[in-house]
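Structure in structure tokens, see below.
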Amino acid sequence: MGGPAPQKEPRTVEIICPEAIPLRFELGSITARTMAFFFDFFLLTFSGVIAIVGMVLLGILSGMLGPLGLGIVIFFILRQFYFALFETLWHGTTPGKRLLGLRVISKDGSSLGVDAVLTRNLMRDVELFLPLGIIAAPEQLFGDVPGWIVLPAIGWMLVIFALPLLNRERMRAGDLAAGTLVVFLPKPRLLFDEAARTSYAPADGSPGLVFSPRQLSFYGEHELETLADLIRKIDEGKVEFADQTIIASTIAKKIGFEGLEPWQMPTLFLRAFYKQQRAELEKALLFGKRKANKWE
Amino acid sequence: MSQGGAQSPRSVAFRREREAEWTRLEEMVEIALRGGLRKLDAWQLEELPRLYRQVLSSLSVARRTAMDRALVAYLEALAARAYLAVYGTRKTRRGALLEAFLHTFPRRFRALGGEMLLSAGIVALGALVAYALISLDPGWYDTFIAPELSQGRDPGAPTEALRAALYDGGMEGGETLFASFLFAHNAKIGMLCFALGFAAGVPTAYLLFSNGLMLGAFVQLYASRGLLFELMGWMLPHGIPEIGAVIFCGAAGLHLGRAMILPGQRSVADAIGEAGRRASIVVMGCVFLFAVAGVIEGIFRQSVTDDSIRYALALFNFTWLLAWIALGGRDGSEARLRFGGTRIKARSASGSEAA
């Protein structure tokens, strides 16, 4: 046995859409989510401070305390509802989340409701600001509460704080209470299809490079994808001719190909082999045979 | 097109035939994910469901038959985004906020009936305990109310000073500042009361109980001096929405805690998720109540010292609050709110009817 080394795949969740097809979503990483949070937190604190300063100035100029009260309310709304407002109006994103390509979705695949958005953001107080408050000023929170209450309370808060690390879906307490997930939603990018190129056909009308079914039965899906990546690199001019001949001749030796093409025109050889190998594997797939790699 | 004797992979033709439609869908999805479905024009709205289903079937065909990881990965990403664009974005209608306010809040409130009783019971228990203990020994007073909170209103104060505190005008000109401070402070506590329900409801119950203790201590102090009537006139106008909101938020937190301890047939995660979403609307209604209470406490209480007007406002507050939570949302419009996703279908269906 053996096989290729397992690649580190990003964590995904599957949601069955109403059309009964499982769709795969890549979960947002803890790092990306933390970065998005800090960006948003900076933005909301910054605008909150600006609002307060502006209102203080207005208060001094007008000689009244009213604007100061308005400043308090604005700051309160920003701090408590910044995330909820953006996630409601921007369909599950905030400026920070957009920056990092993250999006809040409903775990059951339905549309993200206002109630879910509110819930997941109401929990922020307990899972983030409260633990931070304990670090900053424990006596203010607990007062003269006896130690046998304080210790379990701190333990509990640590558990809640670390919750995203403790479950597969990386849900924080707010996600759990709202039934939401944060996913990474990359822009789809369709790469050039190497098999769509016109095949190599010599001018004399001979069939050109044609591999026999036996020659095409050697490799599997994994090698095919590796070859596709290699050809894309060749297109970008990143693979030297000498390296191409080494790879092409290795393949030729392995599959028992006799001819000078691997040495004379390795690029054409690799393209032709890729195309026919893929056609062969797809044909087998139609009959329900999937060949994952050459060891199978 | 088997040139040179070798056949082309089937997935090449498959992709060539559909690529243009995928690209068109990609553009639409981009618009819809940024600004919602209403940013699409009529043509696009009509085409979206068809292209969406087409990409889904392309995806399932490609997963089974294509040996091209780039193609499958592209379709995976596109289908996921298209799905969110079609089902995941909620179209916010005009009047949705008003509807939530008038209908959803009272309905969710009534759904939490048991927790409401429990929450009110815990506050009442705290008040009774404090009342009884201080009646036996006034020394308990300081245990329940911190000196910085009582501001001299303690058992050592002369009756006249206690009475004066009820009719004191407060700081001149600072009413709005005081009102907004009270609102922000109390609303934060209310939201915390809900969120703490995540610890199986225990801290929520503790918070409710300690609020009850303070209430009981205060009432006992004034009642012992024969000032109960005057205290209630001072407290009830803002106390009805404020203490009410604390109790409601507590009930929301207890609801969350209950889902954790007694999830029933569902998984704990599902139970918490459902409870959290149901309770959050109640908390939002409470933020409004805290705002009302803040205005009354910060402005009205400072300027109106007539007992009968104070009681009239208390009665007025009690009446509308009761009417709101008892009568609101009894006409079945919940169904419209629940199924946000199906409205998209309805819209595109009306387009194809014309065709």
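Report, in degrees rounded to the nearest 10, the 0 to 90 angle that the Cα long axis of helix A:147-161 makes with the longest principal axis of chain A.
Helix A:147-161 sits at roughly 40 degrees to that axis.
Now for a different question. For segment A:260-273, what does the Karplus curve 6.51 cos²θ - 1.76 cosθ + 1.60, with θ = phi - 60°, yield as ³J(HN,Hα) per residue in whole Hz, taken in order and with x for Gly and Pro?
Couplings: 9, 3, x, 8, 7, 9, x, 4, 5, 4, 5, 4, 4, 5 Hz.
Any idea what log10 I(q)/I(0) is at q = 0.27, 0.35 Å⁻¹ for segment B:268-309, Debye with uniform C-alpha scatterers and no solvent?
Scattering profile of segment B:268-309, log10 relative to I(0): -0.86, -1.03.
Assuming R0 = 60 Å, can you tell me the calculated FRET efficiency for the pair A:GLU236 and A:PHE46, based on Cβ-Cβ distance, to the nearest 0.05?
For R0 = 60 Å, the calculated efficiency reads 0.90.
Next up: So, R0 is 45 Å and r is the distance between the beta-carbons of B:GLU21 and A:LYS294; what FRET efficiency does that work out to, to 0.05?
Working: r = 36 Å, r/R0 = 0.80.
Efficiency, rounded to the nearest 0.05: 0.80.
With a 10 Å cut-off between alpha carbons and a GNM built on chain B, which of B:PHE101, B:PHE229, B:PHE183 moves the most?
Maximum among the listed residues: B:PHE229.
A further question on this structure: Between segment A:70-108 and segment B:135-184, what's the alpha-carbon centroid distance in Å?
Centre-to-centre (Cα) distance: 38 Å.
Also: Identify the residues of segment B:259-294 with backbone N under 20 Å of a label point that sits 7 angstrom from the Cα of B:LEU125 along the Cα-to-Cβ direction, or state none.
Backbone N within reach: B:259-262.
Another one. Using θ = phi - 60° and the Karplus form 6.51 cos²θ - 1.76 cosθ + 1.60, what ³J(HN,Hα) does each residue of segment A:282-292 get, whole Hz, x for Gly and Pro?
Going residue by residue, I get 5, 5, 4, 4, 4, 8, x, 9, 10, 9, 6 Hz, with x marking Gly and Pro.
Separate question: Given a Förster distance of 30 Å, report the FRET efficiency between B:LEU262 and B:ARG64 from their Cβ-Cβ distance, rounded to the nearest 0.05. Walk me through the numbers on the way to the answer.
Details: r = 44 Å, r/R0 = 1.46.
Given R0 = 30 Å and the Cβ-Cβ separation, E is 0.10.
Still on this structure: Against the longest alpha carbon principal axis of chain A, how many degrees, from 0 to 90 and to the nearest 10, is the axis of helix A:30-62 turned?
With rounding to tens, the tilt is 30 degrees.
Here's a follow-up. Using a 1.4 Å probe on the protein chains only, how many percent of the accessible area of the protein assembly as shown belongs to carbon and sulfur?
Carbon and sulfur atoms account for 65 percent of the accessible area of the protein assembly as shown.
I've got another one for you. So what is the relative contact order for chain A, in percent, with contacts set as C-alpha pairs under 8 Å and at least six apart? Mind dumping the intermediate values first?
Working: 301 pairs, mean separation 49.2, N = 296.
Here the relative contact order equals 17 percent.
Okay, moving on. Only helices at least 15 Å long along their axis, Cα-based, and averaging 1.0 or more on Kyte-Doolittle count here, so list those DSSP H runs from chain B.
On the way: long enough: B:10-35 (37 Å, -0.78); B:42-65 (35 Å, -0.33); B:69-83 (21 Å, 0.75); B:113-136 (34 Å, 1.80); B:175-195 (30 Å, 1.08); B:202-224 (33 Å, 1.13); B:228-261 (43 Å, 1.11); B:268-295 (40 Å, 1.44); B:307-327 (29 Å, 1.18); B:342-354 (19 Å, -0.77).
Helices passing the filter in chain B: B:113-136, B:175-195, B:202-224, B:228-261, B:268-295, B:307-327.
Ok, one more. What are the residues whose amide H is under 5 Å from the amide H of A:THR12, where those residues sit 5 or more places off or on another chain and H is modelled from the backbone?
Counting only residues 5 or more places away or on other chains, the set is A:LEU27.
Per residue, how much accessible area does segment B:96-327 show when a 1.4 Å probe rolls over the protein heavy atoms, in square angstrom?
Dividing the accessible area of segment B:96-327 by its residue count gives 42 Å².
So, one more: Filter the cross-link list A:LYS107/A:LYS187; A:LYS238/A:LYS291; A:LYS97/B:LYS39; A:LYS233/A:LYS289; A:LYS97/A:LYS238; A:LYS254/A:LYS283 down to pairs whose alpha-carbon distance in this structure exceeds 25 Å.
Working: A:LYS107/A:LYS187 21 Å; A:LYS238/A:LYS291 29 Å; A:LYS97/B:LYS39 21 Å; A:LYS233/A:LYS289 29 Å; A:LYS97/A:LYS238 35 Å; A:LYS254/A:LYS283 22 Å.
Going by Cα-Cα distance, A:LYS238/A:LYS291; A:LYS233/A:LYS289; A:LYS97/A:LYS238 fall outside the 25 Å limit.
Accessible area of A:SER217, 1.4 Å probe, to the nearest 10 Å²?
A:SER217 has an accessible surface of roughly 70 Å² with all protein chains in place.
Find the centroid of the Cα atoms in segment B:258-332 and in segment A:21-63, then give the distance between the two in whole Å.
28 Å
Averaging the inverse of every distinct alpha carbon separation and then flipping it gives the Kirkwood radius. What is it for chain A, in angstrom units? Intermediate results must be reported in sequence, preceding the final value.
Numbers: mean 1/r = 0.0404 Å⁻¹.
Final number for the Kirkwood radius of chain A is 24.8 Å.
Return one number: the angle in degrees, 0 to 90 and rounded to the nearest 10, between the long axis of the Cα atoms of helix A:221-235 and the longest principal axis of the Cα atoms of chain A.
90 degrees
The values are calculated or read from the model by the stated rules, or taken from the named source; none is laboratory data. Given the structure is predicted, the values throughout are model-derived calculations rather than measurements. Quick reminder, even Gly has a Cβ in these numbers, built from the backbone with ideal geometry, and neighbours come from all protein chains shown. For the accessible areas, the whole protein counts, side chains as well, though only heavy atoms, and no ligand, DNA or RNA atoms are used. Shrake-Rupley method; radii C 1.70, N 1.55, O 1.52, S 1.80 Å.
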